[in-house]
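Peer 1: Mind having a look at this structure? Questions to follow.
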Amino acid sequence: MEKVIKPCSNMSAALNRMARGEKHGLWLAYARQHLKGCPRCQQAFDAIVSLLNLVQEARTAPEPETLDGHRWEAIEQTIRRAETPPE
């Protein structure tokens, strides 16, 4: 069963920006403080970081020789979609 992790309202964008390494801005300073006291947002942040790490690993992994060009392109498109932050 798939587990859905939802941060507090209005925190998704800040958590995504922080997970991608952005460090400056008043909203991000607020988000860092918020994370210290909010287990739900901390769990969501950790999940975002884990997902981004998996995407990076997939991106840098050598291309398997068993995949033809069309299949590999489909995988790359999936990775690009996963990296696009939700609006």
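Coordinate-derived values only; no laboratory data. Because the structure is predicted, anything quoted here is derived from the model rather than measured. As a convention, Cβ positions derive from the backbone with ideal geometry for all residues, glycine included, and neighbour counts pool all protein chains shown.
Peer 1: Karplus couplings for the stretch 38-45 from phi (6.51 cos²θ - 1.76 cosθ + 1.60, θ = phi - 60°), rounded to Hz, Gly and Pro as x?
Peer 2: 10, x, 5, 5, 5, 5, 5, 4
Peer 1: Taking neighbour Cβ counts within 10 Å as the exposure measure, how do Lys6, Lys36 sort from fewest upward? Write out the running numbers ahead of the final one.
Peer 2: Numbers: Lys6 11, Lys36 8.
Ranking Lys6, Lys36 by Cβ neighbours within 10 Å, fewest first, gives Lys36, Lys6.
Peer 1: Lone cysteines in the chain, defined as no other cysteine's Cβ under 4.7 Å from theirs: which are they?
Peer 2: Cys8 - these cysteines have no disulfide-compatible partner (Cβ-Cβ under 4.7 Å) in the chain.
Peer 1: Per DSSP helix of 4 or more residues, -39500 (n - 2.57); summed, then divided by the residues of the chain. What does that give at 222 nm, rounded to the nearest 500?
Peer 2: On the way: 4 runs with 57 residues, N = 87.
After summing the helix terms and dividing by the residues of the chain, the value is -21000 deg cm²/dmol.
Peer 1: Roughly how many nanometres apart are two label points built 7 Å out from the Cα toward the Cβ at Glu83 and Ser9?
Peer 2: 3.3
Peer 1: Over the chain, what relative contact order in percent results from Cα pairs under 8 Å that are six or more residues apart? Show your work: numbers first, answer last.
Peer 2: On the way: 47 pairs, mean separation 26.9, N = 87.
Relative contact order for the chain comes out at 31 percent.
Peer 1: Put +1 on the Cβ of every Lys and Arg and -1 on every Asp and Glu Cβ in the chain; which of Ala44, Pro85, Ala29 then has its Cα farthest towards the positive end of the dipole?
Peer 2: Selected residue: Ala29.
Peer 1: If you bin every alpha carbon distance in the chain into 5 Å steps from zero, what whole percent lands in each bin?
Peer 2: The percentages, shortest bin first, are 2, 13, 21, 20, 15, 11, 9, 5, 3, 1.
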